[in-house]
Amino acid sequence: MVAPMIEGDKKTADAEPGPRNPEAGWFGDRAVEPRAKTEMVHGVFDRVARRYDLMNDLMSAGTHRLWKTSFVAQVKLRANERSLDVAGGTGDIAFRLKDRTPAADITICDLTEAMVRVGRDRAFDRGLVHGLNVVVGNAEALPIADRSIDAYTIAFGLRNVTRVDDALAEARRVLKPGGRFFCLEFSQVALPMLRRAYDAYSFAVIPRLGEIVARDRDSYQYLVESIRRFPDQTELEQRMNQAGFRHTRWRNLSAGIAAIHSGWRI
């Protein structure tokens, strides 16, 4: 059944940005203290939770659904495996995983209680009452036991984590030996002409949509800026390797607007 929400450990270290976790000092294009960034990201998703899925449809003209379908197909979750979907508050990835593998045991973990509440309500509406749990927790300090998860997924969430390298290390910690890591995230567009058009659209249209639909232009301005500051495909793969993942690879979607990264805990 859908479990009651559990307040996870939101404590994080006060590590300063540097060679490790360089994104920790930036909230979009604003320089901030790492602790402040975590609270600011929490505030963004607390404000946009109710309109989050609608905005995804509008911003991508529905393309995010195709990306997520491709992502879930790559996970290949098996019956009775345990899966953890991090930053998965509204349930989009978890529900797709459950549809493909009804016997899997899936936990949704998200930093923001408002996002988790949306996901819990959607689960009840879909009649998902077995093998789906929800928990409030930070990707950098997961309230999950060591070596207890078969598949870790995170979709459009890693770039919002204050300390990306810490989150990658946590992902490896909770995975069983032989466990799989999968990340779907906005990335760097490979084609120069498409990149220019995508940048123009992102900065001109997305914040305006946020202002009209979600009544929150600033949050969507941050989301656009956060994409540009996120590591490109090659750098993220290198950082996955540094975190201890093996057999890492990545695959572009829509010429690199998004990419799927994967790796194994050996």
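Read-outs: derived from the displayed coordinates by stated rules, not from any lab. Everything numeric here is computed off the predicted structure, so don't read it as measured data. Because the Cβ atoms are built from the backbone with ideal geometry, glycine has one as well, and the counts that use them run over all protein chains shown.
What to note about this one:
- The order of 154, 108, 257, going from fewest to most other C-beta atoms within 10 Å of their C-beta, is 257, 154, 108.
- Checking (i) 1.14; (ii) 0.93; (iii) 0.99 against the coordinates, the calculated Cα Rg over 2.2 N^0.38 Å falls under label (ii).
- The charge dipole of the chain, taken about its Cα centre with unit charges on the Cβ atoms of Lys, Arg (+1), Asp and Glu (-1) only, comes to about 740 debye.
- Residue among 134, 48, 116 with the largest mean-square fluctuation in a Gaussian network model of the chain, springs linking Cα atoms under 10 Å: 48
- FRET efficiency, residue 238 to residue 126 (Cβ-Cβ, R0 51 Å, nearest 0.05): 0.85
- Sorted fewest first by neighbouring Cβ atoms within 10 angstrom, 53, 29 come out as 29, 53.
- Between residue 194 and residue 229, the FRET efficiency estimated from the beta carbon spacing at R0 = 25 angstrom works out to 0.80.
- Note on region 112-164: with charges restricted to the Cβ of Lys and Arg (+1) and Asp and Glu (-1), its dipole about the Cα centre is near 120 debye.
- Counting DSSP beta bridges with both ends in region 22-264, the antiparallel % (nearest 5): 45
- Counting 0.36 nm for each residue step from residue 50 to residue 103 and taking away their Cα separation leaves a gain of 16.2 nm.
- Restricting attention to the chain, the count of lysine pairs at 8 or more positions apart or across chains with alpha carbons under 15 Å apart stands at 5.
- Here the residues 183, 109, ranked from fewest to most Cβ neighbours within 10 Å of their Cβ, fall in the order 183, 109.
- Antiparallel DSSP beta bridges within region 132-266, as percent of all bridges there, nearest 5: 70
- Residue 145 paired with residue 61, simple spin-label distance in nm, labels 7 Å along Cα-to-beta-carbon: 4.8
- Dipole of region 22-264 [Lys/Arg +1, Asp/Glu -1 at C-beta], most positive-end residue of 201, 36, 70: 70
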